[in-house]
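Peer 1: I have a structure I would like to understand better, so I am pasting it below and will then ask my questions one at a time.
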Amino acid sequence: MRLSRKFKKLFSRDAAESLWENAFRWTHPVNSRQILAGIDRTELERLRDSYPYRPNARKINAYEDAKYWIGVNVRRAQDLWLDRSPPLQILDLGCGAGYFLYLCRLFGHEGLGFDTDEEPFFRGTTEFFNVRRVIGRIEPQTPLPDLRRKFDLVTGHRVCFHRLTRTNNGEWLEWSPADWKFFINDIRIRFLKPEGRLLLEFNPRPDGSSFFTDELRAFFNSQGARIFRWKALLAADSNQRPRFKQTRKL
Ligand SMILES: C[S@@+](CC[C@H](N)C(=O)[O-])C[C@H]1O[C@@H](n2cnc3c(N)ncnc32)[C@H](O)[C@@H]1O
């Protein structure tokens, strides 16, 4: 990264918000080392050996690296104050290896995952973490299958279900605001309790820019979202501005 860009980044809004997040985490620290000590990391590595990387799967997502992923997911949990909120019912869309729901359980919450069954390693790790998941696929303009219950919190971390296909120039063709509107309505009406929240966390785009283009930022704002860094938080009621911090009983 060029020095001028580095310098810009240091004083950007993103840097200020990152500092804010870290400051809040310091107010309620979580002992990641203790959590890691409870995980049989040799068994995770053995699982990786039994389910080797699929061709084209990016090695950067080394999900057997428990130290890294526990760190990431502890921060996710802290940002939603899950380490100190009353027990919640949580649905994690695209739950992947299951780290987030594993941590949620340690903090006293009850979790359910939803994912495709395309990654055999995730089948192994969710079993290893004893994370329950429903197999299915999120499709544009299609209601999610009936899960016969509602949740206090629905999450989607490093969301990629909105990516449809890669175009010739390597960019993703992705959901339109109308597709997002359908999905958000479906979650609000069928999966969220009245005080429930939907948290979506997005990867940056391949060129490093934010997922939230001007159009998408305007759209998520029109849905009542609180956008913070790469996350959008939405309340069940579109007229309410949800809060990350929620420590009272729902
Ligand atoms: C980048 S991984 C993120 C995993 C996990 N949420 C995390 O942050 O560690 C994306 C996850 O979304 C799932 N996924 C992708 N497309 C999906 C779809 N259309 N419906 C349901 N899950 C999907 C993948 O199987 C994978 O588990």
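Peer 1: Rounded to the nearest 0.05, what FRET efficiency is calculated for Arg132 and Ser210 with R0 set to 35 Å and r the Cβ-Cβ distance?
Peer 2: 0.60
Peer 1: Could you pull out the GluC sites (Glu not before Pro) across the stretch 102-181 that fall in loop regions by DSSP (anything but H, G, I, E, B) with no more than 12 other Cβ atoms inside 10 Å?
Peer 2: Sparse-neighbourhood loop GluC sites (Glu not before Pro): Glu118, Glu171.
Peer 1: Also, I was wondering about something else. Taking loop as defined by DSSP and a crowding limit of 15 other beta carbons within 10 Å, which trypsin sites (Lys or Arg not before Pro) in the stretch 66-120 fit?
Peer 2: Those satisfying the criteria are Arg84.
Peer 1: Okay, moving on. Under the rule of -39500 (n - 2.57) per DSSP H run of 4 or more residues, summed and divided by the residues of the chain, what mean residue ellipticity at 222 nm is obtained, to the nearest 500 deg cm²/dmol?
Peer 2: -10500 deg cm²/dmol
Peer 1: What are the ³J(HN,Hα) values, in whole Hz, obtained from phi via the Karplus relation 6.51 cos²θ - 1.76 cosθ + 1.60 with θ = phi - 60°, for each residue of the stretch 212-221 in sequence order, with x given for Gly and Pro?
Peer 2: Each residue's phi maps through the Karplus curve to give 7, 5, 4, 5, 6, 4, 4, 5, 4, 4 Hz.
Peer 1: I've got another one for you. Net charge around Phe161, counting only other residues with Cβ within less than 9 Å of its Cβ (Lys, Arg = +1; Asp, Glu = -1)?
Peer 2: Local charge sum for Phe161: +1.
Peer 1: Continuing with the same structure: Measure out, as a whole number of angstrom, how far apart the alpha-carbon centroids of the stretch 11-28 and the stretch 155-195 sit.
Peer 2: When both Cα centres are located, 27 Å separates them.
Peer 1: While we're here: Grab the beta carbon distance between Glu17 and Asp49, set R0 = 41 Å, and tell me the FRET efficiency rounded to 0.05.
Peer 2: 0.55
Peer 1: Can you work out the PRE-style zone for Arg166? Point 7 Å along Cα to Cβ, and I want the residues of the stretch 181-223 with backbone N under 20 Å.
Peer 2: Answer for this model: 203-211.
Peer 1: Let me ask something additional. Considering only DSSP beta bridges with both partners in the chain, what is the antiparallel share in %, to the nearest 5?
Peer 2: If I count the DSSP bridges inside the chain, around 40 percent turn out antiparallel.
Peer 1: Apply the Debye scattering formula to the stretch 9-235, with a single equal point scatterer on each alpha-carbon and no solvent, then give log10 I(q)/I(0) at q = 0.18 Å⁻¹.
Peer 2: Debye intensities relative to I(0), on a log10 scale: -1.65.
Peer 1: Considering lysine pairs in the chain that are 8 or more places apart or on different chains, how many have Cα atoms under 18 Å apart?
Peer 2: For the chain, qualifying lysine pairs total 7.
Peer 1: Under 16 Å from the 7 Å Cα→Cβ point of Ser222, by amide nitrogen: which residues of the stretch 135-178?
Peer 2: 175-178
Peer 1: Here's something else I'd like to know. For Asp117 and Gln141, what does the FRET efficiency come to when R0 = 25 Å and r is the distance between their Cβ atoms, rounded to the nearest 0.05?
Peer 2: Working from the Cβ atoms, E equals 0.65.
Peer 1: Return the whole-Å distance between the Cα centroid of the stretch 65-91 and the Cα centroid of the stretch 98-141.
Peer 2: After rounding, the separation between the Cα centres reads 14 Å.
Peer 1: Continuing with the same structure: Which of Leu82, Leu192, Leu36 moves the most in a Gaussian network model of the chain with Cα springs under 10 Å?
Peer 2: Sorting by GNM fluctuation, first place goes to Leu36.
Peer 1: Right, another one. Going by a ≥ b ≥ c, the root eigenvalues of the Cα gyration tensor, does the stretch 154-241 fall in the rounded group (a/c under 1.5), the prolate group (a/b larger than b/c) or the oblate group?
Peer 2: Since a/c reaches 1.5 and a/b is larger than b/c, the shape of the stretch 154-241 is classed as prolate.
No value in this document is a laboratory result; all are computed from the given coordinates. Since the model is a prediction, treat every value here as computed from it, not as a measurement. Cβ atoms come from the backbone with ideal geometry, glycine included; neighbour counts cover every protein chain shown.
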